[in-house]
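First comes the structure, then the notes that go with it.
Please treat every number below as a calculation from the coordinates, not as lab data. For clarity, every value in this text was computed on a predicted model and none was experimentally measured. Because the Cβ atoms are built from the backbone with ideal geometry, glycine has one as well, and the counts that use them run over all protein chains shown.
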Amino acid sequence: MLRLAKLTVKAACLVALGATAGSAERHFSERHAAPSGTPLLVDTDRGSVSVQGTTGSEITVAAVVRGREADVARFELRARRTASGVEVRGHSR
C-alpha cells in the first residue's frame with residue numbers, strides 16, 4: 001500500500017506504501033518558478049495529494065514516501081517545469 005502526504009503550491013505529497021518491519025522513508029523536495037496562473041499537473045498511482053495556494057511565484061513540491069523498503073525504492077517521484085506548466089508525477093515501477 002502506498003500513500004502520498006501533501007502537495008503544496010507550494011505543493012506537497014505523501015506516499016505511504018504500508019509501514020511494517022523493514023520500513024523506510026524517503027523525502028523529496030523541489031522548487032520551480034511559477035508565476036500566478038501557472039498550470040499544475042499532478043499524476044500519481046498511489047497516495048493522496050493536497051494543493052494549497054500561496055502568494056509566491058514558485059511551486060514547492062514536498063513529499064514523504066513511506067513504506068516497505070522495496071516499495072519505497074520502486075516508487076519514482078519527479079517534478080519538472082514544462083512549457084505548459086509544472087508537472088508532478090509519482091508511479092510505482
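If you take every residue apart from residue 69 with its C-beta less than 13 Å away from the C-beta of residue 69, what net charge results, scoring Lys and Arg +1 and Asp and Glu -1? Result for the neighbourhood of residue 69: +2. Relative to the current alpha-carbon distance between residue 36 and residue 55, full extension at 0.36 nm per residue lengthens the span by 6.0 nm.
Highest-first packing order for the peptide set 57-66, 75-84 is 57-66, 75-84, based on the mean count of other beta carbon atoms within 10 Å.
Mean separation of Cα pairs under 8 Å and 6+ residues apart, divided by the residue count of segment 20-93: what relative contact order is that in percent?
Relative contact order comes out at 45 percent.
Charge tally around residue 80: other residues with Cβ under 15 Å, Lys/Arg +1 each, Asp/Glu -1 each, net -1. Would you work out which of 56, 84, 70 lies farthest towards the positive end of the dipole of segment 29-93, given +1 charges on the beta-carbon of Lys and Arg and -1 on that of Asp and Glu, about the Cα centre? Comparing the listed Cα positions along the dipole, 70 ranks first. The residues neighbouring residue 35, those whose beta-carbon lies less than 12 Å from its own, together hold a net charge of 0 under the Lys/Arg +1, Asp/Glu -1 convention.
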